[in-house]
Amino acid sequence: MRKGNSFYDVVDQVVSYGVQKGILHLYNEDESFYKNTIVLSGHATINFGSCSYLGLEFDDRLKKMAKEAIDSYGTQFSESRAYVSLKLYKELESLLAAIFEAHVIVTPTTTLGHIAAIPVVVGDGDAVIMDHQVHNSIQTAVTLLKPRGIHVEILRHSRMDLLEERIKLLGDKYDKIWYMADGVYSMFGDGCPVRKIYDLMERYRKFHFYADDAHGMSIYGKHGRGYLLDGRQLHTKMIMATSLNKAFASGGGVLLFADKELARKVRACGGPLITSGPMQPAALGAAVAAAKIHLSGEIYEMQAELAEKRKFARKLLEEYALPIVSRTNAAVFFIGAGLPKVGYNLVDRMLKAGYYVNLGVFPAVPMKQTGIRFTITRLHRFSQIEAMITDLADAYPKAVREEGSSLQDVCDAFKIPWPGKVTPNSTLAPVVNNGDALTLCHYNSIKEVNRAEWDALFAGKGSFDWQGLQSLEACFTDNPLPEDNWLFDYVVIKSSTGEIIVATFLTTALWKDDMLSPGEVSRQVEDKRRTDPYYLVSKVIATGSLLTEGEHLYINRNARLWQEATHLLLEKINVLQDQYHAERIVLRDFQVAHKKIDDYMIGQGYFRIDMPDTNIVLDMSWNDYYSHLSRRSRQHYREDVRKYQNDFKVSVIQRPPSEAEVNHWYELYQNVKNHTLELNTFPLPRKIFSTLLTGEGWEVLQLELKSEGVTDAGKPVAMVVCYQSEMAYVPMIIGLDYALNRRYRIYRQALYRLVMRAKALGKQRIHMGFAATTEKKKVGATALKTFAYVQNKDSYNMEIIEGLNRGEQRPGLPD
């Protein structure tokens, strides 16, 4: 059984698709630049993607000092700073100390600065809380704390109420509590609540702040100190990093300390400051020139000029009623697009119109919060800003309509109000040509669905024919626990002639987010669930259910409108997701991947994940069970099955069970459920064992030991709840007595007996489900690889699970 899906596999899908669309991993095609023009993919464009906010990269003073540094010291001075540094470092650090009025260390990059500082300043007795959207460079550095067992958590973005709760809770256990965040966040352009953070540092002795203000540098504050230090000094319990690669227009990073001794210690012990290469002379020379500009009155003129252009851009966006996600005064702007396909469409339109803007897409933002990110720099002329936003306002509704979306969808995805003038549009259904029409039928119970039509599509594919679903509905309604109550929805889409093109059933239920994670991850999460049973649990709307497996989605690909019908289904699922407030959509179980479908699903905001292998006995045509087995399986049968065959009494129970039988079966089931975390789900409700047997097609295969001398001889040691569909036998729930399993090979005996039962019933195949692939192979099952498409409203829980999977953090905050 394959376990888990790498976060990086998901990122690879999304980025690879962006590369394929000609939006990501681009190279300029100019021989040289002239300010903010750039040639990309054959188009001359105005660059609205630069983070050099003050445009100093073209300042003659920076270029002159960069050239002089090369003339004086060559293209590089390749020695570790632990030994020798160019004297330009001393000059630069002295200038930066004057800018920030703090103790300064210049680092090769901001990322390497984090890697140098964080392992040194965070003690073994400390705890770390990272903002959910903190820059990846800080997250990378925090992974270095893992071998020391330091407590690390993730906090929902800028939730100061939750932060204060955690400070109070962790204060008794840890020496210091470090909160790590950005000053200005690189995607949405929102600023961290710095006033509240300073207040928390004053009120809580153990609370400390580590921040990266790369996108605030130069454009705010005295001498361009940045967003965090605009109107305030570096707090004594704060460490700040910033970048010289953005508005400073040179290279490298800066670490700032209020404590001189701590700065010395990081300089002496920080790994990259000992072993990594230094900044190149050209970058150092340019940085010295930039620092001198920052210490002059000229910096305030530059800040004011940029502020006017930012203000102008924001005013235009508001006039055109474009959905601005973050209404701050940053130089970073983010216009919500919702689904990735809308974002791809918009970036392509803008590129062809002569503007380069960034695509904000997963993993930088959640899948359904894709958008257009652009930046305003001092190099932009007011006419360029006006032309770009005017063309964006023209392209935006076209892209939204073309992709079958609406402004309502976008505002819902970002939870933002209507942007002024625009009247809400309903979601557009797919365009159907030639007078054809699609009819979507939605039902809340299988009893409302035509039985003959449903069974013609799904009979024999699993336990979800008409009768099987009626039984499942009875089991998962009116239960005391929320996880035991599922919502059932049935969607059937027909052509104008009444032909069924698409059909499926969906359940909305609580899923454990670590369901497919490695056992060690689930063990950590289950420890947390002892006191918080719904920690890392999400409401999920899925094709199929947690108790079924197989081809839950019927698509007639021979029908001319199958793609339109599939799109209509996804629209309906989105509506249901909003109606039920579900955090995730899961479309499963697919077996054959198609790149065209993968690309389509990425555009819709889905990514593909591997599911556990499903095991199916496909060949039931044999007359002699033993002779049809492989040589190794025959040995298994002789040694582990036939040897104990006479020790068992096998019963087939189709009547409603007694209370005592239900209690014992549930105990056997719990043995299996608690034995492994291979597929971590909530326990099934007890009533399922009595309710299922009141429906057609259900039975329990029960094994008892009859050997002399066995304690409780005659008491069931195994039970399998099975369903008989038209052509298939479907064992769904198993329970075992593990105390006797090893001695009598009870599990293997149960697998053999259910195969023989299916043969006696004349079934053509057996759906044996997930897990225990090796054991099931011994009785003739074939393991089939399956996958699903997943769409998350929010990547928060996913990133916590991935962090636990890498051992980078411990279970942290409830929502």
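The values are calculated or read from the model by the stated rules, or taken from the named source; none is laboratory data. Remember, it's a predicted structure, so these values are computed and weren't measured experimentally. Every residue, glycine among them, receives a Cβ derived from its backbone with ideal geometry; neighbour counts consider all protein chains shown. Just so you know, the surface numbers come from the protein's heavy atoms only, side chains and all, with ligands and any DNA or RNA stripped out. Shrake-Rupley method; radii C 1.70, N 1.55, O 1.52, S 1.80 Å.
One table, with the values for the structure above:
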quantity	calculated
Subset of segment 249-268 that is of a type outside the set (K, R) and over 35 Å from the mean Cα position of the chain (by Cα) - its residue that is surrounded by the most Cβ atoms within 10 Å (Cβ to Cβ)	A263
From I324, I372, residue being surrounded by 24 or more Cβ atoms within 10 Å (Cβ to Cβ), touching a residue at least 12 places away in the same chain (Cβ under 8 Å) and β-branched (V, I, T)	I372
Qualifying residue in segment 340-356 (condition: at pLDDT below 95, assigned to a loop (DSSP other than H, G, I, E, B) and within 30 Å of L570 (Cβ to Cβ))	no
Among the candidates E661, E639, residue that is open to solvent by 20 Å² or more (accessible area, probe 1.4 Å) and under 22 Å from L684 (Cβ atoms)	E661
Qualifying residue in segment 498-520 (condition: open to solvent by less than 20 Å² (accessible area, probe 1.4 Å), farther than 30 Å from I616 by Cβ and in contact (Cβ under 8 Å) with a residue 40 or more places away in the chain)	no
Extreme residue, farthest from K311 (Cα to Cα), among residues of segment 332-358 that are hydrophobic (A, V, I, L, M, F, W, C) and either open to solvent by 20 Å² or more (accessible area, probe 1.4 Å) or free of Cβ contacts under 8 Å to residues at least 24 places away in the same chain (or both)	L339
Identity of the residue in segment 564-602, among the β-branched types (V, I, T) and open to solvent by 30 Å² or more (accessible area, probe 1.4 Å), that ends up farthest from K539 (Cα to Cα)	V592
Qualifying residue in segment 603-623 (condition: open to solvent by 10 Å² or more (accessible area, probe 1.4 Å), of a type in the set (F, W, Y) and assigned to a helix (DSSP H, G or I))	no
Any hit, segment 140-155, residues being out of contact with any Pro (no Cβ under 9 Å at 6 or more places or on another chain), polar (S, T, N, Q), at pLDDT below 95 and assigned to a helix (DSSP H, G or I)	yes
Filter result (assigned to a strand (DSSP E or B) and either more than 19 Å from T681 (Cβ to Cβ) or of a type in the set (D, E) (or both)) within segment 579-602	D589, F590
Criterion (of a type in the set (K, R), more than 29 Å from Y535 (Cα to Cα) and in contact with an Asp or Glu (Cβ under 6 Å, 6 or more places away or on another chain)) met by exactly one of K649, K643	K649
Candidate set from segment 36-55 (those that are among the aliphatic types (A, V, I, L, M) and in contact (Cβ under 8 Å) with a residue 40 or more places away in the chain); member that is surrounded by the fewest Cβ atoms within 10 Å (Cβ to Cβ)	A44
Positions within segment 359-369 being open to solvent by 20 Å² or more (accessible area, probe 1.4 Å) and part of a helix (DSSP H, G or I), in sequence order	K368, Q369
Restricting segment 189-214 to residues that are open to solvent by 20 Å² or more (accessible area, probe 1.4 Å) and either assigned to a loop (DSSP other than H, G, I, E, B) or of a type in the set (G, A, S) (or both), the residue that is nearest to L170 (Cα to Cα)	K206
Candidates E261, E308, E298, filtered to the one that is among the charged types (D, E, K, R), modelled with pLDDT of 95 or more and closer than 30 Å to A393 by Cα	E308
The one condition in (1) over 26 Å from Q76 (Cβ atoms); (2) open to solvent by 10 Å² or more (accessible area, probe 1.4 Å); (3) in a loop (DSSP other than H, G, I, E, B) that K246 fails to fulfil	(1)
Filtered residue count, segment 378-424, keeping only those that are open to solvent by 20 Å² or more (accessible area, probe 1.4 Å), at pLDDT 90 or above and within 17 Å of G605 (Cα to Cα)	3
Selection count, segment 516-537, where residues are closer than 22 Å to D610 by Cα and polar (S, T, N, Q)	2
Test: residue in segment 551-563 that is under 30 Å from Y729 (Cβ atoms) and either in contact with a Lys or Arg (Cβ under 7 Å, 6 or more places away or on another chain) or buried (at least 22 other Cβ atoms within 10 Å of the Cβ) (or both)	yes
Wholly within segment 257-297, helices (runs of 4 or more DSSP H) carrying at least 1 residues that are closer than 18 Å to S72 by Cβ and touching a Gly at 6+ places or on another chain (Cβ under 6 Å)	281-294
Residues located in segment 437-464, provided they are in contact with a Ser or Thr (Cβ under 8 Å, 6 or more places away or on another chain), on the phi < 0 side of the Ramachandran plot and assigned to a loop (DSSP other than H, G, I, E, B)	A437, L438, A459, K461, S463, F464
Matching option when the condition is within 15 Å of A788 (Cβ to Cβ) and of a type in the set (G, A, S), among G550, G519	G550
Candidates Y17, Y53, filtered to the one that is assigned to a helix (DSSP H, G or I), under 30 Å from A330 (Cα atoms) and within 35 Å of the chain's Cα centre (by Cα)	Y17
